[in-house]
Amino acid sequence: MDYSEKYEKKIKGLNKWLARCEKGSKNRTKVKIKLQRAYQKLRNARKYLLHLISKEITEENDIIVTEKLKINKMVQSPLSKKIYDASWAELIRQLKYKSKWKNKLFYQIDTYYPSSQICPRCGYQNKALKDLKIREWECPNCLNLNDRDISASINIMFEGLKLYMKSGLGTASQ
Ligand SMILES: [Zn+2]
């Protein structure tokens, strides 16, 4: 069972309830306290889940590659998105130190690398692709149908492997 989802639903319900409460009323204070508790539980549930994920990733893989967080996007985002971004930052933090513990390699790709604009099949960069709502796009060069998230992951993986090769750790003489 996903506890995060459970508390998200609860928060949504409490927010609706809060909107109906009169300002300055006792009920409003009560709902606010309930909301704070629900947020705390949501944060804890997320953190627990993140530890499970980071544990699994650092156990199963020798090379881990992620993108650096795009800070300006975080600032513009609504609250639920902010929590999501905070989780992402926390996951990266955990991956970083757990990789170190387990002697795994951890790489981060620079934010300016256009991971979601590049066709992983032919390398063509689709600069027109900016709208995050577009989940799929056809490459104008090789006509490959790209899923935004999957092709971005493939591109990030290859960028990470390039860093790995540059580091010299991948050569046979090591
Ligand atoms: Zn292509």
Original post:
Does TYR113 fit the bill of being surrounded by 11 or more Cβ atoms within 10 Å (Cβ to Cβ) and modelled with pLDDT of 95 or more?
Top reply: no
Original post:
Quick one: in region 84-119, which of the residues that are closer than 22 Å to ASN146 by Cβ and of a type in the set (A, V, I, L, M) is nearest to the ligand (Cβ to nearest atom)?
Top reply: ILE118
Original post:
Out of the residues in region 30-47 that are under 24 Å from LYS98 (Cβ atoms) and touching a residue at least 12 places away in the same chain (Cβ under 8 Å), which is surrounded by the fewest Cβ atoms within 10 Å (Cβ to Cβ)?
Top reply: LYS47
**OP:** Would you mind stating whether SER153 is assigned to a loop (DSSP other than H, G, I, E, B) and away from the ligand (no atom under 13 Å from the Cβ)?
**Re:** no
**OP:** Mind listing whichever residues of region 1-29 are of a type in the set (Gly, Ala, Ser) and in contact (Cβ under 8 Å) with a residue 24 or more places away in the chain?
**Re:** SER4
**OP:** Kindly list, by first and then second residue, each pair from a residue in region 110-129 that is closer than 20 Å to LEU163 by Cα and assigned to a loop (DSSP other than H, G, I, E, B) to a residue that is among the hydroxyl-bearing types (Ser, Thr, Tyr) and within 14 Å of the ligand (Cβ to nearest atom), limited to pairs with Cβ atoms under 6 Å and residues at least 6 apart or on different chains.
**Re:** PRO120/SER151
Subject >> Where LYS98 falls short, out of the listed (1) loosely packed, with under 13 Cβ neighbours inside 10 Å; (2) part of a helix (DSSP H, G or I); (3) at pLDDT 95 or above >> reply: (1)
**OP:** Go through region 48-71 and give me each residue that's surrounded by 12 or more Cβ atoms within 10 Å (Cβ to Cβ) and of a type in the set (Asp, Glu).
**Re:** GLU67
Subject >> Identity of the residue in region 120-138, within 10 Å of the ligand (Cβ to nearest atom) and out of contact with any strand residue (DSSP E or B) (no Cβ under 6 Å at 6 or more places or on another chain), that ends up modelled with the lowest pLDDT >> reply: ASN126
**OP:** Output the residue which, of all residues in region 154-166 that are touching a residue at least 12 places away in the same chain (Cβ under 8 Å) and not β-branched (Val, Ile, Thr), is nearest to SER115 (Cα to Cα).
**Re:** ASN155
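The values are calculated or read from the model by the stated rules, or taken from the named source; none is laboratory data. In this text, all values refer to a predicted model and were calculated from it rather than measured experimentally. Cβ atoms come from the backbone with ideal geometry, glycine included; neighbour counts cover every protein chain shown.
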